[in-house]
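Asker: Encoded as structure tokens, here's the structure I'll be asking about.
The values are calculated or read from the model by the stated rules, or taken from the named source; none is laboratory data. Everything numeric in this text was worked out from a predicted model, so none of it was measured. Cβ atoms come from the backbone with ideal geometry, glycine included; neighbour counts cover every protein chain shown. Please note that ligands, DNA and RNA were not included when accessible areas were found on the heavy atoms of the full protein model with its side chains. Shrake-Rupley method; radii C 1.70, N 1.55, O 1.52, S 1.80 Å.
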Amino acid sequence: EGGGIMIQGLDSLLGKLENLKQLPIKMQPAVDQCLIQMEGSARQFASGPRPERIDKVTGYLVDHIEAQPSEVHGTIISGSVDCGADYGINHEYGTSRLPARPFMGPAMMENEEGCVEKLNEVVRGLV
């Protein structure tokens, strides 16, 4: 008689692997939530008092910080929070005449842990 191997739970494992094919689409709403949170944080950092934050003079910089909806391309999800003010980069990194007053980097750092947890929740829900 032939020998064989029986794997318990294989059907369950295969089902979970099949669910993972949906991961990019299932993650997209969580990515969009994270982008919106980062937008809000960047606006706060950009509008706070000096020296750590940028004075709100005209509001143009703050008004032009915007989360772009994420897009799914195969297994890749991409999205961004952009600053449409041309001089935003000068505030973020500084120049020879302007000290750096970052607002985008701190916003990302402030939201990183929460966003990773949101994405982990999506994965846990699929497996």
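Asker: In the set 89, 77, which member is more than 23 Å from residue 121 (Cα to Cα), modelled with pLDDT of 90 or more and hydrophobic (A, V, I, L, M, F, W, C)?
Answerer: Going through 89, 77 in turn, the sole match is 89.
Asker: Considering the stretch 105-117 alone, what residues qualify as being in contact (Cβ under 8 Å) with a residue 40 or more places away in the chain and open to solvent by 50 Å² or more (accessible area, probe 1.4 Å)?
Answerer: The initial filter retains those residues of the stretch 105-117 that are in contact (Cβ under 8 Å) with a residue 40 or more places away in the chain, namely 106-108, 110-111, 114-115.
Matches in the stretch 105-117: 108, 110.
Asker: If you don't mind, there's one more thing I want to ask. I need the full set of residues from the stretch 66-90 which are part of a helix (DSSP H, G or I) and open to solvent by 40 Å² or more (accessible area, probe 1.4 Å), in order please. Walk me through how you get there before you give the answer.
Answerer: To start, the set of residues in the stretch 66-90 that are part of a helix (DSSP H, G or I) comprises 88-90.
Listed by number, the residues that qualify are 89, 90.
Asker: Surrounded by 12 or more Cβ atoms within 10 Å (Cβ to Cβ), part of a helix (DSSP H, G or I) and touching an Asp or Glu at 6+ places or on another chain (Cβ under 7 Å) - does that describe any residue in the stretch 91-100?
Answerer: No, that holds for no residue.
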